[in-house]
C-alpha cells in the first residue's frame, strides 16, 4: 500500500513490506506510526516513534496528588461535572442511583480538594434526574441544570445557590415540549444572563435556546441551531 502523509504525522502501514520506508524529518514535531495486522492470529502490533515532544516532560507527575474518592454511596455515582469559583471553592455535581432512581447531588471543597463537605441532595423526583451541567456567574452564584423524565419524557430543570452551595432555590422546570429535552449545557455572559442550550427531538426544532432571568424563562423558538 502507498504511504499517506497528513500534517506533522506520517502513517505507514507495513502490509507486504519487509523494510520501513524513510520517515520525513519534521523540525519540531514528528511522529511516525507503523502498524501491521494479522487477522488470523488476531494480533495487532503498533509501534509509535515520537520526537520533538520535549514539552511533555516539562511537567512532573509529582505535581499531581493521589486520587481522592469523593463518594461512598450504596449505588452508582456517575456523570460528575465540576466548576471552581473566583474564591477557589471547588463545586462538584453528579447523578446518583442511591435513592432508588438517579437523583442530583452536590458537594464542595474550600481547601483545594484536601477535604470535602458532606453530600447535598438537590433533586427529589420519582423518576431519573441526570445530564447535569453547572456554571458560576461573576457574583459567585451557582447555576445547575439537568434533565428529568418525571413528566413522562425528559425535560430540563434548573436551580441555583447564592451562598456557595449552602442553600438552594426551588427547582424550576424550564422546558415544556412535546418531545424529549436532554443533555443541557449552561453558560453565563458578562451581563450575568444565563444561557441554556439542549437537544430536543420535538418536531421541527432540533435545538432550542432559553434565557433565564430571575424566575422568568423565555424560549427563543425560531432560532434553529441545526439543519
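The values are calculated or read from the model by the stated rules, or taken from the named source; none is laboratory data. None of the values given here were measured: they were computed from a predicted structure. Please note: Cβ atoms are built from the backbone with ideal geometry, for glycine as well, and neighbour counts cover all protein chains shown.
Scanning the range 86-118 for residues being crowded, with 18+ Cβ neighbours inside 10 Å and part of a loop (DSSP other than H, G, I, E, B) gives a total of 3. Only a single item in (1) at positive phi; (2) modelled with pLDDT of 50 or more; (3) over 21 Å from the mean Cα position of the chain (by Cα) is not met by residue 183, and it is number (3). Applying the criterion of being out of contact with any strand residue (DSSP E or B) (no Cβ under 8 Å at 6 or more places or on another chain) and surrounded by fewer than 16 Cβ atoms within 10 Å (Cβ to Cβ) to the residues of the range 203-227, the residue that is modelled with the highest pLDDT is 203. For beta carbons closer than 7 Å, sequence separation of 6+ or different chains, a first residue in the range 79-104 that is outside the structural domain of residue 167 (by TED's automatic domain parsing) and a second that is outside any loop (DSSP other than H, G, I, E, B) and surrounded by fewer than 22 Cβ atoms within 10 Å (Cβ to Cβ), there are no qualifying pairs. For the range 126-149, the set of residues classified as assigned to a loop (DSSP other than H, G, I, E, B) and either in contact (Cβ under 8 Å) with a residue 40 or more places away in the chain or surrounded by 18 or more Cβ atoms within 10 Å (Cβ to Cβ) (or both) consists of 128, 137, 138, 139, 140, 141, 149, listed by residue number. Checking each residue in the range 172-182 for being surrounded by 17 or more Cβ atoms within 10 Å (Cβ to Cβ) and outside any loop (DSSP other than H, G, I, E, B) picks out 181, 182.
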